[in-house]
Amino acid sequence: MKLLVTVKRVVDYNVKVRVKDDHSGIETANVKMSMNPFCEIAVEEAIRLKEKGVASEIVVVSIGPKQCQETLRTALALGADRAILVNTDEEVQPLAVAKLLQAVIAKESPEMVIMGKQSIDGDNNQSGQMLAALLDWPQGTFASEINVADGKLAVTREVDGGLETISLTLPAVVTTDLRLNEPRFASLPNIMKAKRKTLDEMIPADLGVDITARVKTLKVTPPAAREAGVIVESVEELVEKLRNEAKVI
Amino acid sequence: MTILVIAEHNNQDLSVATLATLAAAEKVASDLSSEIHMIVMGHESNSVCEQAAACASVKKVLSAQDAALENPTAESLAAIVVANADGYTHIFASATTSGKNFLPRVGAKLDVQPISEIVSVESADTFTRPIYAGNAIATVQSTDSVKVITVRATGFDAAEATGGSASIEDINVVSQISNNSTFVSQELTVSERPELTAAKIIISGGRGMQSGENFHLLEVIADKLGAAVGASRAAVDAGFVPNDYQVGQTGKIVAPDLYIAVGISGAIQHLAGMKDSKVIVAINKDEDAPIFQVADYGLVADLFKALPELNDAL
Ligand SMILES: Cc1cc2nc3c(=O)[nH]c(=O)nc-3n(C[C@H](O)[C@H](O)[C@H](O)COP(=O)(O)OP(=O)(O)OC[C@H]3O[C@@H](n4cnc5c(N)ncnc54)[C@H](O)[C@@H]3O)c2cc1C
Ligand SMILES: Nc1ncnc2c1ncn2[C@@H]1O[C@H](COP(=O)(O)O)[C@@H](O)[C@H]1O
């Protein structure tokens, strides 16, 4: 089975982002960028499916500026076979991401697409569901376990009340949750080997997709700051304060 | 102009999150002087339809009943909403795992870019939403003719659930039931304690708890306070507690009157889920733990000593 995996380049999860003084966005100059953590989990799951003999080929796709090549090289070093960069410097919102991926999928015909559940920059949690809808494919979102058997895909999903298992026909879209697996690190020899793997580039116009943003960001502001309070000396003092000062117990 | 709110429920009760979502819809309705309809998709969920009809601002309830909607798939829910979307300017759902699952599908089918997890309504087309784990708030304006939106419950006070007398209209949904995705089973966490997102008090444990058994130290206190028990990602990943306990950027977003964080360092991803709580207490043995920067009351102590003392003091 051929797999397509999406990887997004985002501000590293350890960075405490700062809002620009003119409120136009986030300060990104000299900020560390990495693969979106949920996409790392997606890549890892694809590699495990290949190691199990379920998958035959893994194609990774990223949409964004030139620097996404690095993100794709990382995925190749981890074990993906081939990479595609849809190159654009514009902001690409989930509807456009889904349309671009739909066009790539029309050429690649994978039987399963594995994506992250959420980008940790925009926190949208939309692209996988939107891609599945455009393709009229079923979706297994927020996956904590997946199993392919008898041409069907069983997906265990993390939901508000606990876990849910659904059964999907293939082809299907899966989005990863945190507990699906623990991603590995790339080894140095594999990083060297990845440099020789194929990385194709195209632009949105090649795919015939209009990526014009539908949602305008008018401004970006810092959240209301929370003041640190007091350090209490004892449990007794804590309970007294909660009872008589905060009046919450 | 009419607004559609999608009801979330367990076939018996309308969820509290839906009332917050309705409150967001009311803000848009007052701006546009439009009417609000609510759609209930379920199986034998007549009592939910009645509760929806009783909401003060709801003018009409669409009732979609089918055995397959007992545990509905995103594919079916989205198809039903799309089939009934004509004439609505806004479609609202709660930013729960259910709403997040099917609403983007609705957006894609309508060729609309949805807006996730709004925390305020600025006007009929402009909303605010947290990005970057809540480290920034974006004010965004939709240019689509239909607005497809999920609502973060902590941003809105519940709408009035009584006083209304909406009509209830049955809609046929047989042709919208998915056959490429089917429900198999669920494993829900059973607890006598309040639900995390509805609780007035939450006590959460992190990696510092060391084991699932030690969560007992939190549970006895939770029971005295009528509180819910939550956790950090590290505690869930380590298998101390089930996944639905996770509070944070990619878990549950909570804003109780009192949040007690025990053995939690205060990573930005955790803070994203609880920093709008009214009063925050942190118990941690490391005085430099970032959690103290947001805590109203901090106690630098070993939790294995502090928790039994706290239990005794209550
Ligand atoms: C993509 C992504 C999404 C994430 N989403 C979430 C999320 O939704 N929610 C979330 O919580 N995290 C999330 N995280 C993880 C987050 O970055 C942190 O790793 C996590 O919150 C740490 O959990 P913790 O505070 O329990 O553990 P640690 O950071 O290890 O902290 C444990 C704390 O316990 C204290 N401690 C230890 N022993 C004792 C004792 N005996 N008495 C008192 N104190 C003690 C220590 O001093 C320390 O401060 C996410 C990470 C990523 C990359
Ligand atoms: N620009 C992009 N390039 C590659 N993958 C993306 C891009 N945007 C979103 N995705 C994928 O879609 C998932 C969900 O993203 P989002 O809907 O933005 O939260 C991410 O984890 C990625 O796997």
For region B:29-42, check the following and say yes or no: at least one residue is farther than 17 Å from B:Ile168 by Cα and β-branched (Val, Ile, Thr).
no
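Every residue, every condition in (1) more than 9 Å from chain B (Cβ to nearest Cβ); (2) outside any strand (DSSP E or B); (3) within 30 Å of B:Ala228 (Cα to Cα), yes or no:
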| position | (1), (2), (3) |
| --- | --- |
| A:Ala132 | no, yes, no |
| A:Leu153 | yes, no, no |
| A:Glu158 | no, no, yes |
| A:Val174 | yes, no, no |
Of all residues in region A:34-85, count the ones that are closer than 30 Å to A:Val17 by Cβ and assigned to a strand (DSSP E or B).
10
Number of the exception - A:Asp177 against (1) within 16 Å of ligand 2 (Cβ to nearest atom); (2) over 21 Å from A:Glu40 (Cβ atoms):
(2)
Region A:77-104, residues that are β-branched (Val, Ile, Thr) and open to solvent by 10 Å² or more (accessible area, probe 1.4 Å):
A:Thr88, A:Val92, A:Val97
Residue count for region B:257-287, restricted to those that are in contact with a helix residue (DSSP H, G or I) (Cβ under 8 Å, 6 or more places away or on another chain) and part of a loop (DSSP other than H, G, I, E, B):
7
Going through A:Glu237, A:Glu245, A:Glu227 one at a time, which residue ends up being at pLDDT 95 or above, closer than 30 Å to B:Ala235 by Cβ and exposed (fewer than 13 other Cβ atoms within 10 Å of the Cβ)?
A:Glu245
Has region B:122-131 got at least one residue that is surrounded by fewer than 19 Cβ atoms within 10 Å (Cβ to Cβ), more than 10 Å from chain A (Cβ to nearest Cβ) and of a type in the set (A, V, I, L, M, F, W, C)?
no
Among the candidates B:Ala261, B:Ala313, B:Ala272, single out the residue that is modelled with pLDDT of 95 or more and touching a Ser or Thr at 6+ places or on another chain (Cβ under 7 Å).
B:Ala261
Those residues that are of a type in the set (Asp, Glu) and within 24 Å of the chain's Cα centre (by Cα), I need them from region A:207-227; list them, please.
A:Asp210
Residue list for region A:205-224, filter: facing another protein chain (nearest Cβ under 8 Å) and either loosely packed, with under 12 Cβ neighbours inside 10 Å or under 30 Å from A:Ala106 (Cβ atoms) (or both)
A:Ala213, A:Arg214, A:Val215, A:Lys216
Positions within region B:288-314 being more than 7 Å from every other protein chain (Cβ to nearest Cβ) and either in contact with a Gly (Cβ under 8 Å, 6 or more places away or on another chain) or in a helix (DSSP H, G or I) (or both), in sequence order:
B:Ala289, B:Pro290, B:Ile291, B:Leu303, B:Phe304, B:Lys305, B:Leu307, B:Pro308, B:Asn311, B:Asp312
Which of the residues spanning region A:126-144 are open to solvent by 10 Å² or more (accessible area, probe 1.4 Å) and either within 16 Å of ligand 1 (Cβ to nearest atom) or farther than 16 Å from B:Ser181 by Cα (or both)?
A:Ser127, A:Ser144
Enumeration of residues in region B:147-189 that are open to solvent by 70 Å² or more (accessible area, probe 1.4 Å), within 9 Å of another protein chain (Cβ to nearest Cβ) and either aliphatic (A, V, I, L, M) or in a loop (DSSP other than H, G, I, E, B) (or both):
B:Asn179, B:Val184, B:Leu188
Tell me which residues, restricted to region B:51-76, are in contact (Cβ under 8 Å) with a residue 40 or more places away in the chain and assigned to a helix (DSSP H, G or I).
B:Gln51, B:Ala52, B:Ala53, B:Ala54, B:Ala68, B:Leu69, B:Ala74, B:Glu75, B:Ser76
Mind listing just one residue for me: the one in region B:270-288 that is surrounded by 22 or more Cβ atoms within 10 Å (Cβ to Cβ) and within 11 Å of ligand 1 (Cβ to nearest atom) and, of those, nearest to B:Ala133 (Cα to Cα)?
B:Ala272
Condition test on A:Thr74, is it within 16 Å of ligand 1 (Cβ to nearest atom), more than 14 Å from chain B (Cβ to nearest Cβ) and either hydroxyl-bearing (Ser, Thr, Tyr) or within 16 Å of the chain's Cα centre (by Cα) (or both)?
yes
Filtering region B:192-207 down to residues that are of a type in the set (Gly, Ala, Ser) and surrounded by fewer than 24 Cβ atoms within 10 Å (Cβ to Cβ) yields B:Ala198, B:Ala199
Over 19 Å from A:Val97 (Cβ atoms) and within 16 Å of ligand 1 (Cβ to nearest atom): does that describe A:Glu57?
no
Could you check region B:95-143 and list, in sequence order, the residues that are in a loop (DSSP other than H, G, I, E, B), among the aliphatic types (A, V, I, L, M) and closer than 21 Å to A:Asp160 by Cα?
B:Ala95, B:Val119, B:Ala133
Pairs, first away from chain B (no Cβ under 13 Å) and within 6 Å of ligand 2 (Cβ to nearest atom) in region A:107-126, second open to solvent by less than 20 Å² (accessible area, probe 1.4 Å) and among the basic types (Lys, Arg), C-beta under 7 Å, six or more apart:
none
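The values are calculated or read from the model by the stated rules, or taken from the named source; none is laboratory data. Since the structure is predicted, the reported quantities are computational estimates derived from the model, not experimental observations. No Cβ is skipped: glycine too gets one built from the backbone with ideal geometry, and neighbour counts run over all protein chains shown. We work out accessible area using only protein heavy atoms, side chains counted, and drop any ligands, DNA or RNA first. Shrake-Rupley method; radii C 1.70, N 1.55, O 1.52, S 1.80 Å.
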